Structure formats: C-alpha cells, structure tokens
Amino acid sequence: MKTETPRPIRLRDYEPSAYLVDDVSLDIALEPTRTRVVSRLKRRPNPAVGRKAGPLVLDGESLELGAVRLDGGELSKAAFQVTDEKLTIPRVPQAPFTLEIETWCNPEG
C-alpha cells in the first residue's frame, strides 16, 4: 500500500491516449489470497493523436505478471519492461492488435 500523497492530474497536463480500446474481456479466477486475472484488450492507435504512437504503457500496482501475449504470440521478457507500477511495451503494431495479459494479485492484501 502506498503512503505518499497522490499527485493531482490536471486537465492542462492531459494528453489523449496513444491507443484506443475497442473491446475488453476479463477472465477472473477469484481466490482470497491469489487471484488470477487474464485481460484481453483489442486496441488500435488513436488517429486523433496525429503522430505515430509510441510505447504502450499500462499502470498496475501490487501485481505479479504471468504472461504477455500480442496477437496470440507470447512476448519474451526482453520485449517489455516491468516495474512495481507499470508495464511498458516499446513496440506494438501501428494497426489494430490484441493484447492479452495474465496477472496474479492478492485481493486480501
């Protein structure tokens, strides 16, 4: 759990997302201390951004990463970066794609 005060997000700092989400599918195996979540996101570059979309950055805290799949193929650990708060995939297609992420979390924690 974080104890620091969250930094406010101001409208003037907002930038449109580089990728849009067209569909979300969640498969959840709920357990009190170890829940598995598989998310399938159909995404595409946002044409309103007006430039080539860069890395895909997703926020997440207190998660254990199981697998990352892009268009059905599992990504090697060299193809993405994980921190305690973010998953970054430097290269994603500049066309519609499906991203599947398997994570584990502790709902009681």
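Surface composition of the chain: carbon plus sulfur atoms contribute 52% of the solvent-accessible area (1.4 Å probe, protein chains only, all chains present). The tail of the calculated P(r) for the stretch 65-109, taken as Cα-Cα distances beyond 16 Å, holds 41 percent of the pairs. Name the residues of the stretch 81-99 whose amide N is less than 17 Å from a point 7 angstrom out from the Cα of residue 106 along the C-beta direction? Counting backbone N atoms under 17 Å from the label point, the list is 84-85. Applying Stokes-Einstein at 20 °C and 1.002 mPa s to the Kirkwood radius of the chain, computed over alpha-carbon pairs, gives a translational diffusion coefficient of 138 µm² s⁻¹. Rolling a 1.4 Å probe over the protein heavy atoms gives the chain an accessible area of 74 Å² per residue. Note on the chain: GNM, Cα springs under 10 Å; of 61, 74, 15, the largest mean-square fluctuation is that of 15.
Phi-derived couplings, Karplus 6.51 cos²θ - 1.76 cosθ + 1.60 at θ = phi - 60°, listed residue by residue for the stretch 87-104: 10, 10, 10, x, 10, 10, x, 8, 9, x, 8, 10, 10, 10, 10, 9, 9, 10 Hz, with x used for Gly and Pro.
A straight line joining the Cα centroids of the stretch 63-109 and the stretch 1-39 runs 13 Å.
The values are calculated or read from the model by the stated rules, or taken from the named source; none is laboratory data. In this text, all values refer to a predicted model and were calculated from it rather than measured experimentally. A quick note on method: Cβ atoms are made from the backbone with ideal geometry, for glycine too, and the neighbour counts reach across all protein chains shown. Areas reflect the complete protein model, heavy atoms only, side chains present, ligands, DNA and RNA absent. Shrake-Rupley method; radii C 1.70, N 1.55, O 1.52, S 1.80 Å.
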